[in-house]
Every structure is written in structure tokens, then in C-alpha cells.
Amino acid sequence: MGIIKFEKNPIITKDNVSFKVNSIFNAGAIKVGSEYLLVCRTEMPNGRSSFVLARSNDGINFNVEDKPCLSPEDHGDYCKYVEWGIEDPRITKISDKYYLTYTGFSKYKPLVILAETTDFKKFKILGTVTEPSNKDAVIFPEMINNYYWKIDRPSAEGNSDIWINRSKDLIHWGGYQFVAEKEAGTWEANKIGASTPPIKTKDGWLLLYHGVRGFGISYLYKIGAMLLDLNEPWKVIGKTKEPILIPDLDYERIGDVGNVVFTNGWIIEENGEVKIYYSGADTNICLATTTIDYLLSICI
Ligand code: BMA
């Protein structure tokens, strides 16, 4: 079946937001009962981002709430690490709680913040879970070998590769291991990073990732998929040979940052259908659909 971009994309733009924003994009996604929730990044007119919740009964038509659900000033002791904004939330459900990992941006450079919620109204800020410079963090939905696992993307002296680490309590992390690096001379030649939280399949942990290549005077952001070993999740057992989503339509090419498709949220339906919520040109929220079977077939 491939990957199908929804014909009426984008599904959310700033016209759907009742308060003043510069843009709405890069949403974390989760289904709670029969309701689809997106925690969307809104860049405010001053250029700093907050999160706003959007709700839907069909995964396509969303209502954006009339005020942000989480803002930099809600971060108590951690405010100084998010002074320039909070960005790109990923959502993982573990037992009865929802965990958000997102970028805190400040003069200290990007790092990862962890927050928990049960209702998407009140958020408990659990704190910083990386040092700078690090972003693109996703948490696995269950323990593996008695540990929680987190993938992130430290930037080390020009390297921007995917690493994994583990924790007993989601707060203290260690056991850092390398997972995947960018591939020279390809669509992911400059940087890669995890996009969506991994989901468990019969063949391994499946996740989407983004690859970046400098091209002329700009960067092209595209999306691929990879498969990690079920018991040793630092081992890549499959990876798409080509990107699965590329910026080739006007709403992906034209905007605040042109030629970008970026995702940090997907929803897997019980029948194996996959809804990928992605953003075009850092300016809107779009939908693409596929299936787990198709993604597995192109990873292996
Ligand atoms: C990344 C992040 C994303 C953004 C992407 C493309 O580094 O900052 O928020 O969507 O760049 O500009």
C-alpha cells in the first residue's frame, strides 16, 4: 500500500488556533480510548514555543484548545533550561501514565525534559533527562530486561547520531550505547534522530527517524523507518534503504523552514493501520497513513 499523504493536508494550520501564534507544527500523538490527541508545538509571536492540545474523534478533524496546555513558565526549578521555548514533544504511555519527552531550549542549548500527565491538563515536570546538546528523545512503552529505555541524539563535536540508554525509574539514566549513525553521501548524510516512540511488533521495535542532508543553501529533512532487536534494542536489525516521506508538495516546501517533513508522533490502530502526524516546512500539521506490515516489509 505504501505511504499515503492525506489529500486534504494540511489538517491543522494557524488558522485553526484561536490565540495569536506564528505557527503550529511538530505534534506528539496518542489515542486515549477513542479520542485522538495531539500535543502540538505552537511558536508564539515572540518566537518561543509552547504546547497546545488538539482533540479529534476521527484522527483527521481536530479542535485546537483555546490556550496552551504547557509553557516554559510552568517549569518551576527547570525554567532556565526552557527559557527560549519547549519543542517537539513525543508521548509514550507506560501503565496508566503518559510521559512526554521534549526539547528545552535556552542559552544552555537544547536538552531533553521529561514530564508526566494523566489527563493532558496538569503536567508534572520530572526534570532534565539529558545534558545539552541533546534532542529527539523517545521512550519505549514497556520495560525490557527490567529497565526503561530511552533513545536520544547527543551532539558530540560535530557528530549527530542515535544513542540509547536505560533507567530503573525514568529519572536516572545510564548505560549509554550507540545505535545508529548517519550515512555518508545519502539523504541522511548530515544528521539523523529518532522521530516517533518505538512500537513493539513481531519482528522488533519499529520507529520512524529523520535524516537531514545539506543541499545548496538549505537542509532537506526526510523520514525513514528502522527496526531494533526486541531484547537488545541497541541493535539495528533493519532500516529503510530510502526515505519513506519526502518534502515534495507545496505545503512541505514553502513555509518557515522550507523543504522539511518532520514527525514526532504516530498512532497505531488495532488493525495495524498507522497514522503518521507530520509537519510540512515547520508550519502546519499533516497526516499520512500506512500499515505496520508495509513498514516492516521495507525495513527488513
Ligand atoms: C530540527 C528541530 C525541529 C525542526 C527541524 C526542521 O532540528 O528543530 O523542530 O522541525 O529541525 O527545521
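Read-outs: derived from the displayed coordinates by stated rules, not from any lab. Computed from a predicted model, the values in this text were never measured in an experiment. Cβ: placed from backbone, ideal geometry, glycine included. Neighbour counts: every protein chain shown.
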Estimated translational D of segment 4-299 in µm²/s (Stokes, Kirkwood radius over Cα pairs; 20 °C; 1.002 mPa s): 114
Under the Karplus curve 6.51 cos²θ - 1.76 cosθ + 1.60, θ = phi - 60°, whole-Hz ³J(HN,Hα) for segment 202-213, x wherever Gly or Pro sits: 4, 9, x, 7, 9, 8, 8, 9, 10, x, 10, 9
In Å, descending, principal axis extents of the Cα set of segment 154-300: 43, 43, 30
Extension gain (nm, one decimal) between A189 and L230, 0.36 nm per residue minus Cα-Cα: 12.0 nm
Fewest-first sequence of E43, E269, E252, E7 by Cβ atoms within 10 Å of each Cβ: E7, E269, E43, E252
Surrounding net charge for G59, when Lys and Arg each add one and Asp and Glu each subtract one, Cβ distance under 15 Å: -1
Label point distance in nm, K168-N271, each placed 7 Å from Cα along Cα→Cβ: 4.5
Above-threshold pairs, the threshold being 23 Å between Cα atoms, out of K31/K202; K14/K135; K8/K31; K97/K235: K14/K135; K97/K235
Two-site FRET efficiency, S95 against F19, from Cβ-Cβ distance with R₀ of 51 Å, rounded to 0.05: 0.90
Lys, Arg +1 and Asp, Glu -1 on Cβ, resulting dipole of segment 4-299 about Cα centre, debye, nearest 20: 300
Residues L249 and E65, FRET efficiency given R0 of 35 Å [Cβ-Cβ distance, rounded to 0.05]: 0.80
Per-residue Cβ neighbour rank within 10 angstrom, fewest leading, D250, D203: D250, D203
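With +1 assigned to the C-beta of every Lys and Arg and -1 to the C-beta of every Asp and Glu, and no other charges, what is the dipole magnitude of segment 204-263 about the Cα centre in debye, to the nearest 20?
200
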Order of C40, C299 - criterion: other Cβ atoms within 10 Å of each residue's Cβ, fewest first: C299, C40
E73/E131 FRET efficiency (R0 30 Å; Cβ-Cβ; nearest 0.05): 0.85
Gain in span if fully extended, S155 to E116, counting 0.36 nm per residue against the direct Cα distance: 11.5 nm
